[in-house]
Amino acid sequence: MELNTVIKTGTWSDAADRINSNFSKTSSEVEKIKLSSTRNKGLYPTIEALKAAIPSPVVGDWAVVGDTIPGPIYQCKTKGTWSATGTTGGGGSIDLSGYLTAEEIDDVTSI
C-alpha cells in the first residue's frame, strides 16, 4: 500500500484530499487484516481442549495450541479435522514502515 505524501504547502483542500485518500487506503488494509484473522479460533492449552471447544472446524480455521504465542499452529484443511501444520505463530503483525511519524503528523496539523 502506498500512501500519499501530505505536503506542508498548498491549500487545505489539497491536504484534506490526500489525508482522506490515506485514511481510505488504511481502512481497506485494516479490513483485509480483520477478514484474514476471522478464521483464527484462538489459543488452547492442548489439542484436546481445541477439539472440545471447536469439534467441527471448517476449512481455513486455525488455532494455536500451547501456553504461549507464538505456538504450534493447527489448521483445518479437511472439514471437521484439526491438523498440525508444523509451523509456529499466532502473533500477527502490521508493517507500519513508510508511514508518517508522530512528528510529521504534528507538523502537518500545526499549519
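Scan the stretch 57-82 for residues that are at pLDDT 95 or above and among the polar types (S, T, N, Q) and jot them down.
If the condition is that a residue be at pLDDT 95 or above and among the polar types (S, T, N, Q), then T81 is the only one that fits.
If a residue has to be modelled with pLDDT of 85 or more and closer than 22 Å to G90 by Cα to count, how many in the stretch 9-33 make the cut?
Residues that pass the stated criteria total 0.
Tell me, please, whether a residue that is modelled with pLDDT of 95 or more, over 30 Å from L3 (Cα atoms), in a loop (DSSP other than H, G, I, E, B) and not assigned by TED's automatic domain parsing to the domain that holds S21 can be found in the stretch 46-53. Break it down into steps so the answer makes sense when it comes.
Taking the stretch 46-53 first, the residues modelled with pLDDT of 95 or more are 46-53.
Still in the list and also over 30 Å from L3 (Cα atoms): 46-53.
Applying the additional criterion that residues be in a loop (DSSP other than H, G, I, E, B) yields 46.
Going one step further and asking which of them are not assigned by TED's automatic domain parsing to the domain that holds S21, we end up with 46.
Yes: the stretch 46-53 contains one or more residues that are modelled with pLDDT of 95 or more, over 30 Å from L3 (Cα atoms), in a loop (DSSP other than H, G, I, E, B) and not assigned by TED's automatic domain parsing to the domain that holds S21.
Give the residues of the stretch 48-57 that are surrounded by 11 or more Cβ atoms within 10 Å (Cβ to Cβ) and not charged (D, E, K, R), sorted by residue number. Can you show your working first?
Kept after step one, since they are surrounded by 11 or more Cβ atoms within 10 Å (Cβ to Cβ), are these residues of the stretch 48-57: 49-51, 53-54, 57.
Across the stretch 48-57, the qualifying residues are A49, L50, A53, I54, P57.
The values are calculated or read from the model by the stated rules, or taken from the named source; none is laboratory data. Everything numeric here is computed off the predicted structure, so don't read it as measured data. Note that each Cβ is placed from the backbone with ideal geometry, even for glycine, and that neighbours are counted across all protein chains shown.
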